[in-house]
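Working notes, beginning with the structure itself.
The values are calculated or read from the model by the stated rules, or taken from the named source; none is laboratory data. Since we're looking at a predicted model, the values are computed, not measured. Positions of Cβ are generated from backbone atoms using ideal geometry, with glycine treated the same way; all protein chains shown enter the neighbour counts. Just the protein is used for accessible areas: all its heavy atoms, side chains included, with ligands, DNA and RNA removed. Shrake-Rupley method; radii C 1.70, N 1.55, O 1.52, S 1.80 Å.
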Amino acid sequence: MKPISVMLLLALQICFCIVGIARGQSLVPGVMVFGDSVVDTGNNNHLLTLVKANFPPYGRDFSSRLPTGRFCNGKLATDFAVETLGFSSYPPPYFSSEAQGENLLTGVNFASAASGYWDKTALLYGAVSLNQQLRNFKEYQIKVKAIAGEGNATELIRGSIYLLSAGSSDYVQNYYINPFINKLQTPDQFGDLLLHSFNSFIKKLYDLGARRIGVTSLPPLGCLPASITLFGKGKNSCVTRLNSDAIGFNYKLRSAAEALKKNYPDLKLVIFDIFNPLLDIVQNPTKYEFFEARKACCGTGTIETSLLCNANSIGTCTDASGYVFWDSFHPSEAANKALAEALLLQGIGLIS
C-alpha cells in the first residue's frame, strides 16, 4: 500500500475543517492578534497618534461601509483567516467599547499600527509596543477569568490561535529613514536586534499560556509603492536591496522559530511566508486578476497612507478590486483575500 501523500493529508484536514465550520463550530476557541498596521482593526483610533485609519476612504468596502481603523478599503487577511476558522465575528480591538463581557471570550485584537519588534519604533509613532501589548494580554486574562472562571479561561488561552505581524514598520518607517540607526548598523545587524525581540516576545507569550502561534514573515519590502517612491531612485520596479534585506531577515526568522520549537516541544509555531505570495502577485498581477501593482488605489498611489490617504486625496480609484495595494503601504481587500488563500495550507499545523 502506497503511503498517503502530504498534500492529500492536508486536503483531508481541510475537508474536516470545512465540515466543522458547516456545523457552526469554530475550529479553535479563540483568536488573539498582535502586531502592527497590517492587523490593527482599530486600536490606534484610541491613541494620541497620527497613524490612524478611522476616516474615509478607509473602510469604504467593509461590510458596514464605514472606516473601522483598518488600514484597508475592506477586510484584512486576518479577517479572512478568522472567517475560515469558523467565527461569525472578528476579535474586537482591545481599546474599543466592544472589548468587554462575552465578546472577550473568543479572542481580542491587541495590534497597533506602526508598532514593531523594536519598542523604539512604536515609541517613535505613539503606537503600542509589543511589550505593552503583552501587558494588555495579561490584563485581558484577568478579565476573562472573572467572566468565565479559571478553567474556561485556561482552555481559551491554551487553545486559541495567536497571530503576530511585525517587522515592516521597523525597517520602512524607522531603519531606512533614520540615519541615527542606518549609519551605525547594517540591515543584517538591525535584523539581529529585531530577532532578539522576536525570541523574547514568543517566550513571554508562551509563558502566558499560548501554544499555537502564527507569525508572518516580512513581505517584499521593496515592492511597497511607498518604498519604490522613496528608495527606487526614479524607477518603477521593486527595490532589490530592500527585498534582499527581507529575504535575509526571513531566513533568520525561520531558524529562530525552529530553535524555539526544539526548546518548547508542545509549542506549535508557524512562520507564514508572505514574501513569496505577495511578490508573485506584484510580479504577475494579471494571474490574480489585478491590473495595477505599482500604484495604490488611494490618491496618487505612490506615497499616501494614513492621514495622507483621506477623502480629499486627488486621484483615488473608484474600484479597488483591480489594485494590489489600497494605500502605499497596505494591500487592498482583494489582495488580502488572495494572500489569505495562499497562506491557508501553511497554517494547517496550528489547528491539527
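Note: relative contact order over segment 233-352, using C-alpha pairs below 8 Å and six or more positions apart, is 22 percent.
When the surface is traced with a 1.4 Å probe over the full set of protein chains, residue 258 keeps roughly 90 Å² accessible. For the chain, a Gaussian network of Cα nodes joined below 10 Å ranks 224, 123, 85 by mean-square fluctuation, and the top entry is 123.
Of the beta bridges in the chain, as assigned by DSSP with both residues counted there, near 5 percent are antiparallel.
Find the relative contact order for the chain and round it to a whole percent, using C-alpha pairs within less than 8 Å whose residues are 6+ positions apart.
Once normalised by length, the contact order is 18 percent.
State whether segment 33-108 is rounded, prolate or oblate according to the following rule on the C-alpha gyration tensor (a ≥ b ≥ c being the square roots of its eigenvalues): a/c under 1.5 gives rounded; otherwise a/b larger than b/c gives prolate, and the remaining case gives oblate. Oblate is the answer for segment 33-108, as a/c is 1.5 or above yet b/c matches or exceeds a/b.
Could you sort 330, 196, 46 by accessible area so the largest value comes first, with the probe set to 1.4 Å?
196, 46, 330
For every other residue with a beta carbon closer than 14 angstrom to the beta carbon of residue 280, add +1 if it is Lys or Arg and -1 if Asp or Glu, then tell me the sum. Summing Lys/Arg as +1 and Asp/Glu as -1 gives -2.
Protein heavy-atom surface of the chain, 1.4 angstrom probe: 58% of the accessible area is carbon and sulfur, with nucleic acids and ligands not counted. In order along segment 290-299, phi translates into HN-Hα couplings of 9, 10, 9, 10, 7, 9, 7, 6, 6, x Hz, rounded to whole numbers, per the Karplus curve 6.51 cos²θ - 1.76 cosθ + 1.60 with θ = phi - 60° and x for Gly and Pro.
The length gained by stretching the chain between residue 54 and residue 252 to full extension, at 0.36 nm per residue less their Cα-Cα distance, is 67.8 nm. Rg over Rh of the chain, using C-alpha atoms and the Kirkwood radius, what does it come to? Using only Cα positions, Rg/Rh for the chain is 0.95. Positive end of the dipole of the chain (Cβ unit charges, origin at the Cα centre): among 243, 47, 226, the Cα lying farthest that way belongs to 243. Pairs of Lys residues in segment 228-352 that lie 8 or more places apart, or on two chains, and have C-alpha atoms under 25 angstrom apart add up to 10.
Roll a 1.4 Å probe over the protein chains and send me the accessible area per residue for the chain in Å².
I get 45 Å² per residue for this part.
Residues in segment 339-352 carry Karplus couplings, in order, of 5, 4, 5, 5, 8, 4, 5, 5, x, 4, x, 7, 10, 7 Hz; the curve used is 6.51 cos²θ - 1.76 cosθ + 1.60 with θ = phi - 60°, and Gly or Pro positions show x. Taking the Cα centre of segment 130-203 as origin and assigning +1 to Lys and Arg Cβ atoms and -1 to Asp and Glu Cβ atoms, the resulting dipole is close to 220 debye.
Specify whether the C-alpha gyration tensor of segment 58-173 places it in the rounded, prolate or oblate class, a ≥ b ≥ c being the square roots of the eigenvalues: rounded for a/c under 1.5, otherwise prolate if a/b is larger than b/c and oblate if not.
It comes out oblate by the Cα gyration axes.
The string of couplings for segment 260-276 from the Karplus curve (6.51, -1.76, 1.60, θ = phi - 60°) is 4, 5, 5, 7, 10, x, 8, 8, 9, 10, 10, 9, 6, 7, 9, 4, 5 Hz, one whole number per residue in order, with x for Gly and Pro.
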